[in-house]
Amino acid sequence: MREFNYIITDPEGIHARPAGELVKEAKQFECKITLTKDGKTGDCKKILGLMSLAVKNGNEVKMTFDGADEDAACEAIEAFMKAKL
Amino acid sequence: MQIYEGKSVFGGIAMGKICVYKKNEKQVKRQKIEDEEAEVTRYQEAREKAMQQLQGLYDKALLEVGEANAAIFEVHQMMLEDDDYNESVENIIRTEHVNAEYAVATTGDNFSEMFAAMDDDYMRARAADVKDISERVLGILSGVSDADLASDEPVIIVADDLAPSETVQMDKSKVLSFVTVHGSLNSHTAILARTMSIPALVGTNLAADETVDGKFAVVDGAAGKIYVEPDEATMELLEKKQQEFLEQKELLETLKGKENVTLDGKQMLLYANIGNSKDLATVIQNDAGGIGLFRSEFIYLERDHYPTEEEQFLIYKQVAQTLAGKRVIIRTLDIGADKQCDYFEMEKEENPAMGCRAIRICLTRPEIFKTQLRALFRASAFGKIAIMYPMIVSVEEVRKIKAIVAEVKAELDAQGIEYGEVEQGIMIETPAAVMISDLLAEEVDFFSIGTNDLTQYTLAIDRQNTKLDEFYDPHHPAVLRMIRMVVENAHKKGIWVGICGDLGADLELTQEFLKMGVDELSVSPGRILPLRKIIRETNVGQL
C-alpha cells in the first residue's frame, strides 16, 4: 500500500470539474484509490462520493493506493494533484 | 399592465409573446416487475443512450458557450458512470422488484438530497445536476422527449429555472429573451444570454405559469424589468428606448474593439465605474477595458450585518472572472458621510463629510478591513484584481495599510491559500493628498483621482446644496491645476494615474486630460463609447 498527504491549493477545492478530472485519472489504474478527509473516505473512481466530501482549498487530504499498480498510480495521482489541485 | 423585476443579465429590449417553458414533470409510478434482469438491461440501455445524448450536448455547448461552460456535460456523463449511482439503481430494481423508472427516480432523489443538505452553496447547487441526469434517463425510459418550444415565432422564454441541458437544446433562433424566476448571474442561461447578446433577467418576481403564458410582453434588459401587456404610454417609452438602444448599438458596432488612441498615437485606458455586480452586463456591452472603480460599499449597505469573508469573496471572484483577465480596481469600504450602515454603530458626528469615514474606519477597526482584504486577495487568484484605498491624507496611513496587507498575505501563505499579483493604489481626493502626491507616489502602484470629493474639499462647497450653484464651477482652475500636479508627480515616479470622478466623463475636458497625460478614465459604462469617439478624433500635438 502507498499513501501521501496533500493540502489542496486550488481556490475552488475539488468541485465538479476537478473531481471529474481526478476520477478520469484514477480510472486509468487497477488499484483501489481512496481520498480521506477528516476521517471520511471517498473512492476516487466515483464522482458523486468524491464531490460529497466537499474538499475545499486549504483542506489536508490523505490519498491511499492499494493494489497491483499502486506505485504507478501513486506517482501519477500525486503529479496530477500538484499540477491541478 | 403588470411590471416584474429581476436581475439584469444583459441589456437591450425584446418585444414579443411570452412562452412559459415547463419541464415535463415525469410522473413516476412504482410498478412490480417479474424479470429483474430484463429491467436492469432496460436501465443500462437507457443510460447508454443518455450518455450519447450528453456527448451531443457537450459538442453543441462547446460551440455555443465554450469549453469551460460545456464541461458540465462531461461531469454529467461521469455522474451517470458513477458506480454508486448505478449500483443503487440496480439494487433497487433487484431487491424491491420494481421498474427501472422508479429505481432511477428514487436514486436521483437520494443523491440530490445528499447534495442539497451540504453546507456549501456550490455543492448545494449540484443537487440540480443529479436531478437533471436522472430526468434524462427517465425521459428515455418512458419515451417522453424533452419539452421543446411549442412555438413557430420567436418568443420570450419565461421559466422557473433552466437547466444547462434545456437551454442548449433550444432552437436559438426562436429565443428573443430569457426570463427566469430563479437562477444566478453565473448560471448557464445567463452565460448563454450574454454570448447571444440578448436581453435576459434572472431572479424575476413573476410566476412562470398560465397567468403570463402567451401574453405580449417587453423585456427591458438594462432596467431589469419585464412589462406584461404594457399600456400605450409605456409602449411608446419602450419603443423609444429600443430606438436609442439600437442607435447606441450602432455606435458600439463602429467603435467596439477599437483602441482608445488619438490620431497621433496617444493611448488612454477607458474603464467603467460600477456600484453593484448587477452592472457587469453593461460593462461588457460597452466594451470597457476594465473596471476602474468598483464601489465595494454596496456589499455593506445591502446587508444588515457585516458581510462575511466568503460573501465578499464570491462577489469579487465573480467580477474578476467575468472580466476575464482585464483589470478590476476594487475600492475598499467607503462608508461614512452620506452612506451609513446602522450595524457599524458609528457615533453621530457634527461634520460627517470630514468625519470618521472610509479608510479612517478601516484603520480604527482593522478586523473589518482585514476581512475585506482577505476576500480581495483570495479573489485575486481568479483575475486581475487591483485594490484602491479611499480618503488618504498622509504617507503614514499608506504605511499602516501596507503593514495590514502584509499580515493578511502572511496568513494566507500560512494557510496555503493562493492569491495573485495585486496592484495597490490610492484615491487622490483630498487637497492634502494632492500636495504630497510626490511622496505618496513612492508608496503605491497607481493613483485614481476622485474629482467629486476633491472639488468639494478644494472649493469648500457642498455639492448637494443647490443654493451654492452660483459659486460652484466644476471646471475651477484650482481643481484642474491639482489634477495636473498629481499627474506630473505620478509620472515622475513612474506610476500611472486615472480619474474616477464625474470629471472623467466630462467630454469638455477629455482633450485637456489627454494633454495632461492622464493614463486612465473610469466612467459610468454608457460614457465609454462617446469618450472613445472623442479620443479617436483628437490630435494631442495640435491642441
Per the C-alpha gyration tensor (a ≥ b ≥ c, the square roots of its eigenvalues), region B:245-393 is rounded if a/c is under 1.5, else prolate if a/b beats b/c, else oblate; here it's prolate
So the number of lysine pairs in region B:158-282 with alpha-carbon atoms under 17 angstrom apart, 8 or more residues apart or on different chains, is 9
Computed over region A:2-84, the relative contact order (Cα-Cα under 8 Å, seq sep at least six) in percent reads 43 percent
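Work out the length of the dipole vector of the protein assembly as shown about its Cα centre, built from +1 on the beta-carbon of each Lys and Arg and -1 on the beta-carbon of each Asp and Glu, and round it to the nearest 20 debye.
1460 debye
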If each part is reduced to its alpha-carbon centroid, region B:63-131 and region B:465-543 end up apart, in Å, by 56 Å
Rounded to the nearest 0.05, FRET efficiency between A:Thr41 and B:Glu418 (Cβ-Cβ, R0 35 Å) equals 0.85
Given B:373-385, B:243-255, the highest-first ranking by average Cβ count within 10 Å works out to B:373-385, B:243-255
Reported to the nearest 10 Å², B:Leu543 has, with a 1.4 Å probe, an accessible area equal to 80 Å²
Everything considered on the Cα gyration tensor (a ≥ b ≥ c; rounded for a/c under 1.5, else prolate if a/b is larger than b/c, else oblate), region B:427-495 must be described as prolate
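Once every DSSP H run of n ≥ 4 in chain B is given -39500 (n - 2.57) and the sum is divided by its residues, what mean residue ellipticity at 222 nm do you get, rounded to the nearest 500 deg cm²/dmol?
-14500 deg cm²/dmol
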Averaged over the residues of B:78-86, the number of partner chain Cβ atoms within 10 Å of each residue's own Cβ comes to 6
For B:Glu345 the rounded accessible area (nearest 10 Å², probe 1.4 Å, non-protein molecules ignored) is 150 Å²
Taking R0 as 30 Å and r as the Cβ-Cβ distance between A:Phe80 and B:Thr308, the FRET efficiency 1/(1 + (r/R0)^6), rounded to the nearest 0.05, comes to 0.40
Rounded to the nearest 10, the angle in degrees between the Cα long axis of helix B:83-96 and the longest principal axis of the Cα atoms of chain B comes to 30 degrees
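Summing both sides, how much accessible area is buried between B and A? Use a 1.4 Å probe and give Å² to the nearest 100.
2100 Å²
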Heavy-atom accessible area of B:Glu37, protein chains in place, probe 1.4 angstrom, given in Å² to nearest 10, is 90 Å²
The helix B:127-142 Cα axis meets the longest alpha-carbon principal axis of chain B at an angle in degrees, between 0 and 90 and rounded to 10, of 30 degrees
Counting only DSSP beta bridges with both partners in chain B, the antiparallel fraction in percent, to the nearest 5, comes to 30 percent
Rounded to whole Å², per residue accessible area for region B:437-543 with a 1.4 Å probe reads 45 Å²
Per the rule of 0.36 nm per residue minus the C-alpha distance, extending B:Lys400 to B:Asn205 adds in nm 65.6 nm
The percentage of the accessible area of the protein assembly as shown (probe 1.4 Å, all protein chains present) made up of carbon and sulfur atoms, to the nearest whole number, is 48 percent
When all Cα-Cα pair distances of chain B are considered, the percent exceeding 31 Å is 57 percent
Distance in nm between B:Ser197 and B:Leu480 label points, each 7 Å along Cα→Cβ, equals 3.8 nm
Length gained, B:Glu37-B:Leu507, 0.36 nm per residue minus C-alpha separation, equals 161.6 nm
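What does the charge count near B:Asp83 come to, summing +1 for each Lys or Arg and -1 for each Asp or Glu among other residues with Cβ under 13 Å from its Cβ?
Cβ neighbours under 13 Å give a net charge of -1.
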Relative to chain B, whose Cα atoms define the longest principal axis, helix B:67-81 and its Cα axis are tilted in degrees, nearest 10, by 30 degrees
Per the 1/(1 + (r/R0)^6) rule, R0 = 22 Å and r from the Cβ atoms of B:Glu113 and B:Lys49, FRET efficiency to 0.05 is 0.30
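From the Cα gyration tensor of region B:433-543, with a ≥ b ≥ c the square roots of its eigenvalues, which class applies: rounded if a/c is under 1.5, or else prolate if a/b is larger than b/c, or else oblate?
Details: a/c = 1.76, a/b = 1.09, b/c = 1.62.
It comes out oblate by the Cα gyration axes.
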Those residues in region A:7-21 that give up at least 30 Å² of accessible surface, probe 1.4 Å, once the partner protein chains are present instead of the chain by itself are A:Thr9, A:Pro11, A:Glu12, A:His15, A:Ala16, A:Arg17
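The values are calculated or read from the model by the stated rules, or taken from the named source; none is laboratory data. From a predicted model like this one, the values you see are computed outputs, not experimental measurements. Methodologically, a virtual Cβ is constructed for each residue, glycine included, from the backbone with ideal geometry; neighbour enumeration extends over all protein chains shown. Protein only, heavy atoms only, side chains kept; ligands, DNA and RNA dropped before computing areas. Shrake-Rupley method; radii C 1.70, N 1.55, O 1.52, S 1.80 Å.
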